[in-house]
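The values are calculated or read from the model by the stated rules, or taken from the named source; none is laboratory data. Small disclaimer: the values here were computed from a predicted structure and weren't measured. Cβ coordinates were reconstructed from backbone atoms using ideal geometry, including for glycine residues, and neighbour counts include every protein chain displayed. For the accessible areas, the whole protein counts, side chains as well, though only heavy atoms, and no ligand, DNA or RNA atoms are used. Shrake-Rupley method; radii C 1.70, N 1.55, O 1.52, S 1.80 Å.
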Amino acid sequence: MAATPTVRVQEAPFDLGAEAALLAAGRTDVGGLASFVGICRGDDGLSAMVLEHYPGMTARAIGRIAEEACARWPLTGCTVIHRHGRLVPGDPIVLVLTASAHRLAALESCAFLIDWLKTRAPFWKQEEFADGRTRWVEAKAEDDEAAARWAHRPAATP
């Protein structure tokens, strides 16, 4: 039976340690826990990034992506938290946690999730720079290529 993912879209910061502990609490079937935390960078004088979204649509889209990971890999747990609002360099943006009896399933599913979230989660990102400029973030070919590698790739088996 596939794990039921936990998905949250929120403005508040998250606590990696608390979320990992919650995912594994009381479980004796977890042999590996993989995590990814995306952090706002301050490249090229970036002073902030504003992430906008349509709440119902975004949560449903992320939920479908997380359900796909749970269907492809033998996960015992899956948590995806994505922030929105104004974030400054150093702020965490996204958390992906996957748990499985085996490390490969946890690691691969975590990589899959972040690749698909980057290209399929409906967020609009505007960068704000120290000199007052703003710029909408465009999709990048390398992100599409990373997501495409999972299109026909079967999940690993332990």
*asked:* If you count only protein heavy atoms with a 1.4 Å probe, what accessible area per residue comes out for the range 80-150, rounded to a whole Å²?
replied: 50
*Which percent of the accessible heavy-atom area of the range 77-158 goes to carbon and sulfur, probe 1.4 angstrom?*
52
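To the nearest 20 Debye, how big is the dipole of the chain about its Cα centre, given +1 on the beta carbon of each Lys and Arg and -1 on that of each Asp and Glu? Show your work: numbers first, answer last.
On the way: 17 positive and 20 negative charges, 86 e Å.
My answer is approximately 420 debye.
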_Given the -39500 (n - 2.57) contribution per DSSP H run of 4+ residues, what per-residue ellipticity at 222 nm results for the chain, rounded to the nearest 500 deg cm²/dmol?_
-10500 deg cm²/dmol
*Would you be so kind as to identify which of VAL94, MET49, ILE65 lies farthest towards the positive end of the dipole of the chain, taking Lys and Arg as +1 and Asp and Glu as -1 on Cβ and the Cα centre as origin?*
ILE65
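Which whole-number percentage describes the relative contact order of the chain, with Cα contacts under 8 Å and a sequence gap of 6 or more?
On the way: 317 pairs, mean separation 50.7, N = 158.
Computed over the chain, the figure is 32 percent.
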*Would you please name the GluC sites (Glu not before Pro) within the range 1-106 that are DSSP coil residues with at most 16 other C-beta atoms within 10 Å of their C-beta?*
GLU11
*Surface per residue (accessible, 1.4 Å probe) for the range 1-74, Å²*: 57
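So which trypsin sites (Lys or Arg not before Pro) in the range 59-158 are both in a DSSP loop and have at most 12 other Cβ atoms within 10 Å of their Cβ? Let's see the in-between values first.
Numbers: sites: ARG60, ARG64, ARG72, ARG83, ARG86, ARG103, LYS118, ARG120, LYS125, ARG133, ARG135, LYS140, ARG149; in loops: ARG133, LYS140, ARG149.
Qualifying residues, ordered by number: ARG133, LYS140, ARG149.
If Lys and Arg each add +1 and Asp and Glu each add -1, what is the summed charge of the other residues whose beta carbon sits under 13 Å from the beta carbon of SER100? Can you show the working numbers first?
On the way: positive: ARG27, ARG72, ARG103; negative: ASP29, GLU108.
With Lys, Arg at +1 and Asp, Glu at -1, the net is +1.
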